[in-house]
Every structure is written in structure tokens, then in C-alpha cells.
Amino acid sequence: MLSRLIRFARPLRYAWDRASYRRHADTLALRALKARYRGKAMLVVGNGPSLNRTPLDDFSGVPAIGMNKIDLIYGRTKWRPTLVVCVNDIVVMQHAASFINSDVPVYLSWKSRRFVPAQQRGSVNFFLSLIDDEFSHDVESGIGASPTVTYTALQFAYYMEADPVIIFGVDHSFQASEPANSIAVRKGEDVNHFDPNYFKAGSVWGVPDLDGSERVYHLARQAFEAVGRKVVDATIDGKLKVFPKASLDEARVLAGVPR
């Protein structure tokens, strides 16, 4: 009964979000991103444990999109992303204070606004999450839904007309005994992210859906290739096979940084 009610309510919730977003959201920051990095290399940086072996400082100065709790790595690197995106309600609920106080511009899904105090929502930017997973060419109008925030980041990179896009830290491999798309309680150290306290013991987290992620990654690859742009995956020992692979040295060449 509950699952049927949720399925019934979902279209209504998205319709309400769309209406309230159009009426209340400030989209000037999104509009300013349009074509900002046309023809320039850009990083999309995930949160997998491989990030601990990735020399991010070598890529300082290269435009980059970080995701979710990427700021937990700031104490160990001089590198900073150009912007941070987050679409996950659980992450926003847990990390709202960090997003509000971030020196790096943060873009959150409009549906997560209820986890940000109303008087502080001006400290972050919002985008609209759409009900379907169609790859969006215009993030000001909305972002295609998916099981992974990396799909959101790729839509931002497309909108900014980056080329090539270089993926780091998307290991595409998780240790979890719970089913995909379920909400679970974290037990012990977090071995699925670059920081053992990314999801602290006793906190809740959403178990990833790797098959669903692969499906939308294919949509992203098709969108980029349709306009003659490239996405490569330079994740160290990453398990994702959707995008062409690149070594660290190849990534440096693509990004125009010294070896």
C-alpha cells in the first residue's frame, strides 16, 4: 500500500516542484554557466576511494565539478573544484551546513531545499530535478534524473560546453549487503568513499544502483558524442566501462597540464 501511494504521489510532487521552482528559484547563476568553458577541458570528480591515489593538485587550475561531500578532501589537497553539485536528499540533510558555508559555489536540487534553512538558501544555488532521465542540454530548464550524481555533473559539463570531460574518482564499485536503491544504516568505516567518515557509522545512506547508473551514463556518452565532444574516464582502477579509458598521463595531456 505504501509503495503504491509513493508511486502515485511522485508525479504530483515533481509537478509541485516544477511550479514552485519557476515561481521562486533564482536561475541567474545557472544562466551564467552557459558555455562558460566552451572547448576547454573539465574534470568531473567523484568520491570513490581511488581519489586517495589521484594527484588532484596536478590538475589545479583546470575547471572541475565536485560532487556531494567532496569538501572532506580539502584538508589534504590544494585542489578545489570550480563548483559542487548534489542531488541526494540524504546528503543535503547531513551536509547542509557545509554547503551553506562553502567557499566553492554549490548547486543543489530544488527538491532538497527543505533541508536548507529558508533564511540561508541564498547561500547556495538550486536546479530543478526532472521526473525522467532524459539527458538535459539546458540545466536552467532542468536536470535529467538518475541514480547517480555523476549524471548530474555530466549534464552541467555539457551545458558549460566543456571538451574534453575527464572523469576521476568514479570507481563504480561498492561494498554493500543491502539491495540497490535501498536506504541502509552504515556499519563500520565507509570503504566506498575516499574518507572513512564520508557516511559515518550509524548514519543512513542510499545504496547505489550500478546498473541504473550505467544506463544513464550511456545516455550521457551519446549526448556528448552527438555534438563531437568527448568524455574519458581516468579513474584509477575504475570498473566503469561506458566511457573510453585514459591514463593519468593521457589525462594530463588532455587537460593541458605538465606531466
(message) Please give the charge dipole size of the range 48-124, origin at the Cα centre, charges +1 on K and R Cβ atoms and -1 on D and E Cβ atoms. Round to the nearest 20 debye.
(response) 200
(request) May I ask for the equivalent-ellipsoid semi-axes of the range 214-254, computed as the square root of five times each C-alpha gyration tensor eigenvalue and listed largest first in whole Å? (result) 19, 14, 5
(request) Mind checking which of N101, Y14, S60 is farthest towards the positive end of the range 1-135's charge dipole, using Cβ charges of +1 (Lys, Arg) and -1 (Asp, Glu) about the Cα centre? (result) Y14
(message) Show me, for the range 202-216, the HN-Hα J-couplings you get by feeding each phi into the Karplus relation (A = 6.51, B = -1.76, C = 1.60, θ = phi - 60°), rounded to Hz, glycine and proline as x.
(response) x, 8, 8, 8, x, 5, x, 10, 5, 5, x, 5, 4, 4, 6
(message) Ordering L248, L28, L240 by accessible area with a probe of 1.4 Å, largest first, what comes out?
(response) L28, L248, L240
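Rounded to the nearest 500, what is the 222 nm mean residue ellipticity of the chain from helices alone, with -39500 (n - 2.57) per DSSP H run of 4+ residues and division by all residues?
Values: 6 runs with 77 residues, N = 259.
Rounded to the nearest 500, the figure is -9500 deg cm²/dmol.
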(request) Tabulate in residue order the Karplus-calculated ³J(HN,Hα) for the range 36-47, using 6.51 cos²θ - 1.76 cosθ + 1.60 with θ = phi - 60°, rounded to whole Hz; enter x for Gly and Pro. (result) 4, 10, 4, x, 9, 5, 9, 8, 10, 10, x, 10
(message) Can you list residues from other chains, or at least 5 along the same chain, whose modelled amide H is less than 5 Å from the amide H of R186?
(response) G202, S203, V204, W205
(request) Please go through the residue pairs K40/K111; K69/K200; K69/K230; K34/K230 and name each one whose alpha carbons sit more than 24 Å apart in this structure. (result) K40/K111; K69/K230
(request) For the range 133-188 and the range 204-251, compute the distance between their C-alpha centroids and round to whole Å. (result) 9
(request) Please report, in debye to the nearest 20, how large the charge dipole of the range 166-215 is about its Cα centre when each Lys and Arg carries +1 at its beta carbon and each Asp and Glu carries -1 there. (result) 180
(request) Could you go through the range 96-112 in sequence order and give the Karplus-derived ³J(HN,Hα) for each residue, using 6.51 cos²θ - 1.76 cosθ + 1.60 with θ = phi - 60°, rounded to whole Hz, and x for Gly and Pro? (result) 4, 4, 5, 5, 4, 9, 5, 7, 9, x, 10, 10, 10, 5, 4, 5, 8
(message) In whole percent, and with a 1.4 Å probe on the protein chains, what portion of the accessible area of the range 1-130 is carbon and sulfur?
(response) 54
(request) Determine the order of E189, E214 by accessible area, beginning with the largest, at a probe radius of 1.4 Å. (result) E189, E214
(request) Search the structure for amide H atoms under 5 Å from the amide H of D195, placed 1.01 Å from N in the peptide plane, and list their residues when 5 or more places away or on another chain. (result) none
(request) Quick one: divide the alpha-carbon radius of gyration of the range 173-214 by 2.2 N^0.38 Å and tell me what you get. (result) 1.10
(message) Amide H of L43 versus every other amide H placed in the peptide plane: which residues, excluding those fewer than 5 positions away on the same chain, fall under 5 Å?
(response) A64, I65, I166
(message) For a test of the definition: using alpha carbon positions, the gyration tensor, and the 1.5 limit on a/c, classify the range 67-173 as rounded, prolate or oblate.
(response) oblate
(request) Any chance you could look up the accessible area of F127 with a 1.4 Å probe, heavy atoms only, rounded to 10 Å²? (result) 0
(message) With a 1.4 Å probe and all protein chains kept in place, how much accessible area does R76 have, in Å² rounded to the nearest 10?
(response) 130
(message) On a straight-distance basis, which lysines could pair with K239 in a cross-link, Cα separation under 16 angstrom, same-chain partners fewer than 8 positions away excluded?
(response) none
(request) With all protein chains present, calculate the accessible area of I167 using a 1.4 Å probe and round the result to the nearest 10 Å². (result) 0
(request) From largest accessible area down, sort K239, K187; use a 1.4 Å probe on the protein chains. (result) K187, K239
(request) State whether the range 120-252 is rounded, prolate or oblate according to the following rule on the C-alpha gyration tensor (a ≥ b ≥ c being the square roots of its eigenvalues): a/c under 1.5 gives rounded; otherwise a/b larger than b/c gives prolate, and the remaining case gives oblate. (result) oblate
(request) For percent of Cα pairs over 29 Å apart, several values are listed as [x] 27; [y] 40; [z] 22; flag the one computed from this structure. (result) [x]
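The values are calculated or read from the model by the stated rules, or taken from the named source; none is laboratory data. Quantities reported herein were computed from a predicted structural model and do not represent experimental measurements. For neighbour counting, all protein chains shown are included, and Cβ atoms are generated from backbone atoms with ideal geometry for every residue, glycine included. For the accessible areas, the whole protein counts, side chains as well, though only heavy atoms, and no ligand, DNA or RNA atoms are used. Shrake-Rupley method; radii C 1.70, N 1.55, O 1.52, S 1.80 Å.
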